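The values are calculated or read from the model by the stated rules, or taken from the named source; none is laboratory data. For clarity, every value in this text was computed on a predicted model and none was experimentally measured. Glycine also receives a Cβ, built like all others from the backbone with ideal geometry; neighbour counts cover every protein chain displayed.
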Amino acid sequence: MARVAASGKTSPVGAIPPTDPPATAAAHPALADLVAPQLRAVNVLFTRELESDLANVNELVAHVGKFRGKMLRPMLVLLSGLAGMIASALSMGSGAYLAAKSEREIYEAELAREREAIEMNGPEARELLSLYYQVKGIPRDDADHVVEHLAESPAQFTRALAAERLNMTEEGLSQPWVSAWSGALSTAVGAFIPILPFFFMSGYPAVIVSAIISLIAHFAVGAAKSLITVRSWWASGLEMTFVGALEGAATYVIGIGLGHIGA
């Protein structure tokens, strides 16, 4: 005895008819190929556990199976992770660009004010710059000689006075586009590392592997930081690893809590 399933195909009574692949899989074949083994495993488990000798039960299960969302979870994890990576990279890049641009604009505004003050009272400005040099240990005569030499070029004198008063030089300012690209790329690389295991596995094993490689990456970054600091590489690496573990645990707990709220 046979019956017609929702898809139009026939299947014997007591068996769950085949179901169509999720719409998301059809719309995103590349993602579907990445998680195809996991989807097949879920399909086998779903069919085996819910199969019944009662035709009505199988019809209900077939209807639920056709629209089940469990199979979408691996793809949703990838999509969410990639979307978060892109959003974070764009946010950090734009923030770094605006910060560098604002810093340069502030410097130029302060430089303009210093130039105006020098034009209004040049002798007082020269005396002030000489005092700055004297505080640093330069003898007065030498400081006055340096200031007089700098004063021969108004632009050079203005930059020198601004450097002493503002503790900032034009050479020390960041380039907005360089800051934007470096901030965006470094954030994207860092955000991609935890996503990497989800291209090859799913569920708790993927979460565990993701946590492990993330901690390894934190330790590597901390250890590399010791190249420009006086701390030992293992202390710096452990510090970075500890901070990363706290952040990851807090984020995971928050995610679990929000999942229960929305359930």
Number of the exception - Ala180 against (1) closer than 30 Å to Leu82 by Cα; (2) loosely packed, with under 12 Cβ neighbours inside 10 Å: (2)
Among (1) assigned to a helix (DSSP H, G or I); (2) closer than 20 Å to Met75 by Cα, the one test that Gly222 misses: (2)
Among residues of the stretch 209-225, those that are modelled with pLDDT under 90 and loosely packed, with under 15 Cβ neighbours inside 10 Å, counted: 0
Scan of the stretch 96-150 for residues that are assigned to a helix (DSSP H, G or I), closer than 18 Å to Ala163 by Cα and of a type in the set (Lys, Arg), ordered by number: Arg104, Arg113, Arg115, Arg126
Some residue of the stretch 228-239 being at pLDDT 90 or above and among the charged types (D, E, K, R): yes
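Out of curiosity, is Ala83 without any contact (Cβ under 8 Å) to a residue 40 or more places away in the chain and within 30 Å of Pro197 (Cα to Cα)? Spell out the reasoning first.
Working: without any contact (Cβ under 8 Å) to a residue 40 or more places away in the chain: yes; within 30 Å of Pro197 (Cα to Cα): yes.
When the stated conditions are applied, Ala83 passes them.
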Test: residue in the stretch 203-211 that is under 29 Å from the mean Cα position of the chain (by Cα), farther than 20 Å from Leu111 by Cα and in a loop (DSSP other than H, G, I, E, B): no
Long-range neighbours under 7 Å by Cβ, at least six apart or interchain, first residue in the same structural domain as Ala151 (by TED's automatic domain parsing) and under 13 Å from Arg159 (Cα atoms) within the stretch 111-129, second part of a helix (DSSP H, G or I) and among the acidic types (Asp, Glu): Leu129/Glu164
Residue within the stretch 206-214 that is farther than 17 Å from Gly81 by Cα and either in contact (Cβ under 8 Å) with a residue 24 or more places away in the chain or not hydrophobic (A, V, I, L, M, F, W, C) (or both) present: no
Matching residues in the stretch 226-255 - criterion: being touching a residue at least 12 places away in the same chain (Cβ under 8 Å) and surrounded by 14 or more Cβ atoms within 10 Å (Cβ to Cβ): Ser236, Gly237, Leu238, Glu239, Met240, Thr241, Gly244, Ala245, Gly248
